[in-house]
Amino acid sequence: MEILLINPPNIPFSESELLIEPIDILGIGTYLQEQKHKVNFLDMDCRKLNCDDLTKYINNIFMPDIAVISYDYHIPLHTDKALKNISKICTLLKENNIKIIMIGKTVTYNPNIIKEINFDIGIIGEVENTIIQVLEENSNLENVKGIVFQKGNEIIINSSNQEKCNLEELPIPDRDLVDLKDYIEVRSILTSRGCINKCDFCPTYNYWGAWRGKSAKRVVEEIEYLVKNYNSKKIIFLDDNATADNNRMKQISNIILEKKIDVRLGCLASINTYDKETFELMHKAGFRWIHFGIETGSQKVLEANNKSFDIEYAKSIIKEVKRIGFRVRTSFIFDLPTTKHEDMQKTIKFILDTEPDEIRGHFLSLRLGTTIYNNLSKKNKLPIQYIHSNKPLLENSEYTNSELLQDIDILVNELEKRDYKIVRNVKEWEDLEKLRNKDGKIKFLSFCPSRYGIDWEI
């Protein structure tokens, strides 16, 4: 069967200065190739293509039997506005008698969107096991668990597929499905799914379940593959929590050292999984960048949003990890529910006390599948998905948006005094040298998606 994987265009298009290859979709494509299907991949967002371009593509280059459209599967890049383009894409594909499968969190948590978007089949949850059954049971969809489809005017939502994919058996994603020159120099890998945490603002645990990861041997095989075949110098683990299993991370680091693989690595981690011995070994193996999702400097707000670690302990860890030699990024959600003026003051103090190399400033993203979305949607009419906002979405009578923005200005002023650059537009990542301070360092607070791979050579 001939299958076209589509990464749909964002609105506005994502900036090329930030783009890494969409490793989640490439993984699915490689898995389908292993099942003997012919697969092509079209990154409409990266190539800045519209529906007219898609028409030319399917008429002149590749006429598939099935198109798979990914929207917020593992990596959330697209805003809710992108759904308008997806609807147009589905209409065009149907005009060419191409069957459409949609995957991701939106179709999982709002399967009735099939009426609005008009795809043929939506996969609810993890894709691999279900999509194979869909392709095998093309005319008997009632037999396939974990999908939504239309039968006449009726929407059928089958019971969920509880069978988890065996990550150990997944093939190394085929990067030749894309032109890597279209993306920044940092390669990406996914070595685990799920999380040990259940934060109210994050859909990871609800969507993927409890944390599970590939073996250290399989992880290093992919790292070595990227270094040998693509001369990769920098690789980022895009797992939601790469350090959930310290023993696995130690094994990964030891194998890298044994094989003498020369590469710089970065990953996302949780404060409550920190282990000094593990991080020291990771640094020896080439890890140079770590991201901690702190979100707030207020213990009260942390606990109110079901995120559990001690604030003072987190401060000490960030300082220690910097001493080990890591470049540290932290993220903060300035308008988490229950936040008041005194909580924001604690966040400002946390940032100024720890001075992370990189700070990502967020406003709350209302994402389907999160506890916060479920609670707020009962009281407010909310969009299907609301991400990458440049302003607060909801008004807090006890701490108004105007007051919040005034406090953020105070943080900005204090950081600028400490030689931080304030990045408000992704275009500013085009020339990194302009972001260097008088000491030659890049320290920033970014209010927009941030670039990976900065100064990992250190």
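Overview of results
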quantity: Accessible surface, per residue, of the chain when the full set of protein chains is kept, probe 1.4 Å, Å²; calculated: 42 Å²
quantity: Cα-based reach from Lys228 at 13 Å (exclusive), listing aspartates and glutamates while leaving out same-chain residues under 8 positions away; calculated: Asp262
quantity: In order through the stretch 58-66: 3J(HN,Hα) via Karplus (6.51 cos²θ - 1.76 cosθ + 1.60), integer Hz, x for Gly, Pro; calculated: 6, 8, 10, 10, 8, 10, x, 7, 9
quantity: Per-residue HN-Hα couplings for the stretch 233-242 [Karplus 6.51, -1.76, 1.60; θ = phi - 60°; Hz; x = Gly/Pro]; calculated: 9, 9, 9, 10, 7, 8, 4, 5, 8, 5
quantity: Cα long-axis angle, helix 246-259 against the chain (0 to 90 degrees, to the nearest 10); calculated: 90 degrees
quantity: Average Cα contact separation per residue, the stretch 340-439, under 8 Å, 6 or more apart, as relative contact order %; calculated: 28 percent
quantity: Angle between the chain longest axis and helix 311-324 axis [Cα atoms, degrees, rounded to 10]; calculated: 90 degrees
quantity: Order of exposure, largest accessible area first, which applies to Arg418, Arg329 with probe 1.4 Å; calculated: Arg418, Arg329
quantity: Where His78, His37, His341 fall by accessible area, highest first, once all protein chains stay in place (1.4 Å); calculated: His341, His37, His78
quantity: Angle in degrees between helix 82-95 and the longest Cα principal axis of the chain, rounded to the nearest 10; calculated: 20 degrees
quantity: HN-Hα J in Hz across the stretch 121-134 - Karplus 6.51, -1.76, 1.60, θ = phi - 60°, x for Gly and Pro; calculated: 9, x, 9, 9, x, 4, 8, 3, 5, 6, 5, 5, 5, 4
quantity: Greater than 19 Å apart at Cα, pairs in Lys217/Lys322; Lys56/Lys427; Lys276/Lys315; Lys284/Lys322; Lys115/Lys391; calculated: Lys217/Lys322; Lys56/Lys427; Lys115/Lys391
quantity: Sequence-separation-based contact order of the chain, relative, with Cα cut under 8 Å and 6+ spacing, percent; calculated: 13 percent
quantity: Residues of the stretch 4-18 with amide N under 19 Å of a point placed 7 Å along Cα→Cβ from Cys165; calculated: 4-8
quantity: Nearby aspartates and glutamates by direct alpha-carbon distance to Lys81 (threshold 14 angstrom, same-chain neighbours under 8 apart not counted); calculated: Asp45, Asp72, Glu116
quantity: Set of aspartates and glutamates with alpha-carbon distance to Lys378 below 17 Å, sequence-local pairs under 8 removed; calculated: Asp200, Glu395
quantity: Per-residue [θ]222 nm for the chain (sum of -39500 (n - 2.57) over DSSP H runs n ≥ 4, rounded to 500); calculated: -10000 deg cm²/dmol
quantity: Heavy atoms of Glu295 accessible to a 1.4 Å probe, total area in Å² rounded to 10; calculated: 20 Å²
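The values are calculated or read from the model by the stated rules, or taken from the named source; none is laboratory data. Here the structure is a predicted model, which is why all the values come from computation and not from measurement. Here Cβ is always computed from backbone atoms with ideal geometry, including for glycine, and neighbour counts include all displayed protein chains. Keep in mind that these areas ignore ligands, DNA and RNA; they rest on the heavy atoms of the full protein, side chains included. Shrake-Rupley method; radii C 1.70, N 1.55, O 1.52, S 1.80 Å.
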